[in-house]
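One structure is given here, and the rest of the page talks about it.
The values are calculated or read from the model by the stated rules, or taken from the named source; none is laboratory data. Fair warning: this is a prediction, and the values are worked out from it, not measured in the lab. As a convention, Cβ positions derive from the backbone with ideal geometry for all residues, glycine included, and neighbour counts pool all protein chains shown. Each accessible area value is taken on the protein alone, full model and side chains, heavy atoms only, with ligands, DNA and RNA left out. Shrake-Rupley method; radii C 1.70, N 1.55, O 1.52, S 1.80 Å.
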Amino acid sequence: MDFKKIILIIILFFVLFLSLLYFLNSNDSKIGSNQTLSPEEQMVSDRISPLGNGEGFWDEAISPFREDRTKPYLELLDDLKSGKINFVWEVWALRRKCKPDFTPDQCNATILAYIDSEYDSPDKEKVKDLFVSYFRYEEEYRKWEQPSDLPFLELYEKIKSKRKEILSDKAELIFGMEEAQVSFLEGTNNFLKQTNNVPTEQRVKQFEDFKKRTYGNYYDSLVSREDKFDHYQMEMSLREKELNSINDPKEKEKYLLKIETKYFGKEKAENLANERKKESKLSESISTYESKEKEFLKENANLSQVEKDKKLKDLRIQILGSEEEADAYLRRKNIEEAGK
């Protein structure tokens, strides 16, 4: 993976994040209310009242959440601190289970009522406080007029300050993992540039150390969720200079096989090596055919187009090994030429 691809990944992450910010700031009527903030119990009471209080209503409203196993508060706290769970994702997973015709406030109230029904004191009050604090943060965030002329990272610093202002010590519990990921993405490109001349093995080790420092307590959870192929691509980008310096094809294959075995296992690594051999052989065959094609056209300029096409088709099948490969090559070439 080269610098351009890494930068693209970072940009895509930022685009997704900014899209979320836009979503939170848009259409207050669909996302939340402009009610004056009140103490927790008053807020819950005010927001439950529009739902009605007919017998059996809450059993019906809460029932979609019954499949979840509630976590004791201390377990929830540990999972948030380690990144095993992401609080915002959990909130939105619960919200997706609300009835489609519920307003956001009704859905929030349902979640709080669910907590009331599933937890005992003192866990109940502590878990509710966490959710209510997040709901209050959303309301305050939507009212906040963000600077519109700042680069993303400067804006993100202001967002972090706003979170701490509203959530205090809960900001890290709720957004700590996300902020660690943004720091990692921000620092990765700088790391690659600064270590460009560091010996490869040392560079790979330094990158993992940088990752551990940046992710902190979230390291194990974040790494466990990352795709193996992404890990592999990252390591290959760190090793790119060393790999390109190997001129012997056999030695290069040994190098690749060692790294691929590390990430994908022996069987998958051998399959990848076999695929490369096939691609290399096909590439050589295509080069041979294209050379023969030029030679043929030069020596048979007077043949009709029909005769040329027939002879060239026979030549493709002969060199590429099968009619299927010959047809596939012609399709690819036609697509390439149409795109020019």
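The table below gives the values:
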item: Residues of type aspartates and glutamates that Lys158 reaches as a straight line, Cα spacing below 18 Å, ignoring anything fewer than 8 places off in the same chain; result: Glu138, Glu139, Glu140, Glu145, Asp149, Asp169, Glu172, Glu178, Glu179, Glu186
item: Whole-angstrom Cα spans of the stretch 93-157 along principal axes, big to small; result: 46, 31, 18
item: Under 27 Å from the Cα of Lys99 - lysines, other chains or at least 8 residues apart; result: Lys30, Lys71, Lys124, Lys126, Lys128, Lys143
item: The stretch 277-340 shape via C-alpha gyration tensor axes, a/c threshold 1.5; result: prolate
item: Solvent exposure ordering (accessible area, 1.4 Å, most first) of Leu74, Leu185, Leu112, Leu297; result: Leu74, Leu297, Leu185, Leu112
item: GluC sites (Glu not before Pro) lying in DSSP loop within the stretch 196-246, provided at most 15 other Cβ fall within 10 Å; result: Glu226
item: Over the stretch 96-174, relative contact order from alpha-carbon pairs under 8 Å, at least 6 apart, %; result: 22
item: Distance violations [Cα-Cα > 27 Å] among Lys97/Lys228; Lys252/Lys294; Lys281/Lys313; result: Lys97/Lys228; Lys252/Lys294
item: Positive-pole candidate from Tyr255, Gln202, Thr214, dipole of the stretch 145-283, charges at beta carbon; result: Tyr255
item: Heavy-atom SASA rank of Trp144, Trp89 (probe 1.4 Å, accessible area, largest first); result: Trp89, Trp144
item: For the stretch 111-211: rounded, prolate or oblate by the Cα gyration tensor [a/c cutoff 1.5]; result: oblate
item: Distance between the stretch 64-135 and the stretch 228-272 - C-alpha centres, whole angstrom; result: 44
item: Three-way shape call for the stretch 148-195 based on the alpha-carbon gyration tensor, with the a/c threshold at 1.5; result: oblate
item: Cα convex hull volume per residue for the stretch 143-293 (Å³); result: 193
item: Loop-located GluC sites (Glu not before Pro) in the stretch 92-145 whose Cβ has at most 10 other Cβ within 10 Å (DSSP); result: Glu145
